[in-house]
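Worksheet: the structure to be examined is printed underneath.
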């Protein structure tokens, strides 16, 4: 079976203890490197702005930090965060809820999948950002318009990943179940669903970024709050600090969401890891 | 039923099997007839890719025969028959279930009552020397251990016939020998019918009551040898037995007569 994510976690049987220690040591040193790198870049930015070029074009980390503090103190940030996160999250969940069964059906009915393939790939290839004006026309500047925007970005990821995941199931595994006269529902429960879990988690991982794109694009077209709207308004006022602050918060949201998925992955896919 | 004793566990009557390929029909098995008796250990040997595996798949109801009749316990095979255990060359364990849960799959599908489950699992774990590893996942086990779990799952299903398709083919020499001993120990205790496919002649002679030798594809039976070595057999001492050498030589001979030139 092919693995969608983190195939490097698969190792042949070994001594569990050693492995666990290696991983945690690597983890700590990776974090040190990461912090060092980010700190260094921020320092370069801070000193380059105002010396090498006008800080009007690039703002600077200290100004962004200050703005962030103001936004949090006044509580204004929550209004925007709440809007964007709600739009992206609901779009993502709806995408999973709709995309998974479609993906399963396409894997099950090969003929239908072949017939629909150009259509699915056509829609997938279509820059859905271009649909945003239509969504605003159909759904107004409501929350629903942004959810649909975000949904349209992620649903294909689920459809394609789930289809691929089911096709990658080891047919010997299914045949073995059949020789023991396993009912279809049993095979679904014990083989099919567990097989697609890694693919679903991978879809969520990819979907986080895309659902945020969808939400932000929806806000750019028509909204009165949200991080995308905040960035757009700041840009309109030539407020580069505001733009960078909005982008930073969006990035943080994506990073936190990614960490949550990683945690879930480690918990659910513990059977992949050699270390106990 | 007074005549159950006479009905063989498995019977093949002029069975032909073929695959549809892009270049047309490919005959894999040509008019093969044989039977597996109750409690018999029958081994099929032949060159790799000669169609032995396809015969097993057909008996298990996974592949339909092109012509001829296959029956298990007197009933025509039409989809997977009852009480058949299958073991592939790869272990086909479910990687998301631990050792205990993988074995329980066999119990689930055999419909074993809840009260007996815990004791059955404990018995099987002890039988296969896996008790310490009951909560380990397949990724944490060595190849030989995974095969033991796979065997445990099959035994948990309580099959009357075990179909084994080169089950130890992917293992190193020592592990393979150990698995062979393990299998004989279990078979001698429980006396189920076993139909075992291999291309390893020594393995075939060491395990079998009877060996059928197949030609290269399309497979036909070219020789039959009844192995009269005494049981229980000690696989470690068997090699020194002159009869053992004679049987392997005879089977080599039978295979060699049909050397296709491409292995």
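Since every read-out is calculated from the coordinates, none of them should be taken as a lab result. Here the structure is a predicted model, which is why all the values come from computation and not from measurement. In this analysis, Cβ positions are derived from the backbone assuming ideal geometry, glycine residues included, and neighbour counts consider all displayed protein chains.
Just a few scattered comments:
- Peptide B:95-102, shielding by other chains (average Cβ, 10 Å cutoff): 3
- Normalised contact order of chain B, rounded percent, pairs of Cα under 8 Å and 6 or more residues apart: 25
- Put simply, when B:16-23, A:253-260 are sorted by average Cβ atoms within 10 angstrom per residue, most first, you get A:253-260, B:16-23.
- DSSP-defined antiparallel bridges as percent of all bridges, the protein assembly as shown, nearest 5: 50
- Per-peptide average of other Cβ atoms within 10 Å, ordering B:188-201, B:141-154, B:237-250 highest first: B:141-154, B:188-201, B:237-250
- Between residue B:190 and residue B:172, the contour length at 0.36 nm per residue exceeds the alpha carbon distance by 3.8 nm.
- Separation in nanometres of the label points that stand 7 Å from Cα toward Cβ, at residue A:271 and residue B:245: 4.9
- From the Kirkwood radius over Cα pairs of segment A:124-240, Stokes-Einstein at 10 °C and 1.306 mPa s returns a whole-number translational diffusion coefficient of 95 µm²/s.
- Scoring B:117-127, A:86-96 by mean Cβ neighbours within 10 Å over their residues and listing the highest first yields A:86-96, B:117-127.
- Legend: calculated FRET efficiency, residue A:260 to residue A:35, from the Cβ-Cβ distance at R0 = 22 Å, rounded to 0.05, equals 0.60.
- A Förster radius of 22 Å combined with the Cβ-Cβ distance from residue A:62 to residue A:238 puts the calculated FRET efficiency at roughly 0.70.
- Residues listed by number, segment A:246-266, amide nitrogen under 18 Å from residue A:48 label point at 7 Å toward C-beta: A:248
- Counting only alpha carbon atoms, the long axis of helix B:143-156 and the longest principal axis of chain B meet at about 80°.
- Label point distance in nm, residue A:197-residue A:134, each placed 7 Å from Cα along Cα→Cβ: 3.8
- With a 10 Å cut-off around each Cβ of B:56-65, the average count of Cβ atoms from other chains is 2.
- Approximate spin-label separation residue B:142-residue B:66, in nm, with each point projected 7 Å along Cα-to-Cβ: 4.4
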